[in-house]
Amino acid sequence: MFYIIKVDSNSTPHITKRFRVNSFIKLIILLNNTTLNQQLFTMQRFFNRLSYLRYLIALYILVCFSACNHPSGGFQPIFDGQTFNGWNGDTTHIWRIEDKMIIGGSLKKTVPQNEFLCTDASYKNFILTFKIKLTGEEGFINSGVQIWSKRLTEPAHEMQGFQADWGEGYWASLYDESRRNETLAAPDSTLVEDWIHKNDWNDYKIHAENGHIQLYINGHQTVDYTEKDPSVATEGIIGLQIHGGGKALVAFKDLQLKNLD
């Protein structure tokens with residue numbers, strides 16, 4: 001913009017004309033009976049105000065742009081709601097997509113063995129949030145989410161690594177799948193029963209960073225575990241599980257991950 005500012009000795013500065021010239025801000029000051037100091041002071045004050053205003057506008061635009069591109073504070077979806085792009089598993093018989101949800105298992109026939117739907121990508125330090133719903137009444141009804149894990153070859157349907165567990169007796173606990181084969185940490189069984197919504201949606205959060213794992217269910221922390229064995233992997237793929245041995249159905253949605261690396 002091109003500004004013309006008139007400054008009189010007995011009046012305050014005011015803009016008399018403005019128009020665009022090559023996108024540069026220029027000033028022509030028409031002076032009547034003003035001293036050099038007055039001229040310099042007027043120019044300095046005008047530029048200061050103009051620069052500050054431009055700074056505020058630029059900052060506002062930057063904040064709005066960042067908010068639009070990262071609406072969840074750095075969290076990004078790892079499931080697009082429509083395809084299994086970026087995932088691998090038995091998407092013919094076990095896993096399917098319905099209404100932007102990942103569904104695994106069946107209420108009509110027993111799931112014969114543990115089945116996992118895994119990410120192609122590997123993750124090290126991250127926060128993962130998602131919603132989970134587990135239903136079923138016959139057999140062993142259980143699910144969970146593997147982190148810092150890998151697929152095994154013997155047997156090929158299994159995984160090894162930490163599991164954020166989900167199911168009766170294992171609600172929001174930490175299990176070591178196909179390695180130590182034991183629960184590493186678990187919440188108070190009485191408290192967790194009050195925190196969870198059986199046969200309904202629950203908000204699960206996993207914070208995994210530098211060997212430290214924290215689990216939260218519906219806003220309540222259930223696990224705070226630090227791995228002390230340096231030989232245990234603290235990087236790997238993520239896997240959604242439906243446990244074998246029951247007529248069970250698990251649903252996952254709103255899977256969001258924030259990379260901390």
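The values are calculated or read from the model by the stated rules, or taken from the named source; none is laboratory data. Quick caveat, the model's predicted, so the values are computed rather than measured. Every residue, glycine among them, receives a Cβ derived from its backbone with ideal geometry; neighbour counts consider all protein chains shown. Note: accessible area is taken over every heavy atom of the protein model, side chains too, but ligands, DNA and RNA are not part of it. Shrake-Rupley method; radii C 1.70, N 1.55, O 1.52, S 1.80 Å.
Whether a residue is of a type outside the set (A, V, I, L, M, F, W, C) and within 25 Å of the chain's Cα centre (by Cα) was assessed, and Asn125 passes this test. State whether one or more residues within segment 176-187 are touching an Asp or Glu at 6+ places or on another chain (Cβ under 8 Å) and surrounded by fewer than 14 Cβ atoms within 10 Å (Cβ to Cβ). So far as segment 176-187 goes, yes, one or more of its residues are touching an Asp or Glu at 6+ places or on another chain (Cβ under 8 Å) and surrounded by fewer than 14 Cβ atoms within 10 Å (Cβ to Cβ). The lone criterion from (1) touching a residue at least 60 places away in the same chain (Cβ under 8 Å); (2) not in a loop (DSSP other than H, G, I, E, B) left unmet by Ile97 is number (1). The residue list Ala164, Ala172, Ala156, Ala186 contains one member that is without any contact (Cβ under 8 Å) to a residue 24 or more places away in the chain and of a type in the set (A, V, I, L, M), which is Ala156. Whether a residue is at pLDDT 95 or above, over 20 Å from the mean Cα position of the chain (by Cα) and surrounded by 15 or more Cβ atoms within 10 Å (Cβ to Cβ) was assessed, and Glu98 does not pass this test. For segment 193-209, the count of residues that are among the aliphatic types (A, V, I, L, M) and open to solvent by 20 Å² or more (accessible area, probe 1.4 Å) is zero. Would you mind stating whether Ala251 is surrounded by 16 or more Cβ atoms within 10 Å (Cβ to Cβ), of a type in the set (A, V, I, L, M, F, W, C), farther than 20 Å from Glu177 by Cα and touching a residue at least 12 places away in the same chain (Cβ under 8 Å)? When the stated conditions are applied, Ala251 passes them. State whether one or more residues within segment 121-139 are modelled with pLDDT under 95 and among the aliphatic types (A, V, I, L, M). Scanning segment 121-139 turns up no residue that is modelled with pLDDT under 95 and among the aliphatic types (A, V, I, L, M). Answer yes or no as to whether Val111 is part of a loop (DSSP other than H, G, I, E, B) and at pLDDT 95 or above. Judged against the criteria, Val111 is a match.
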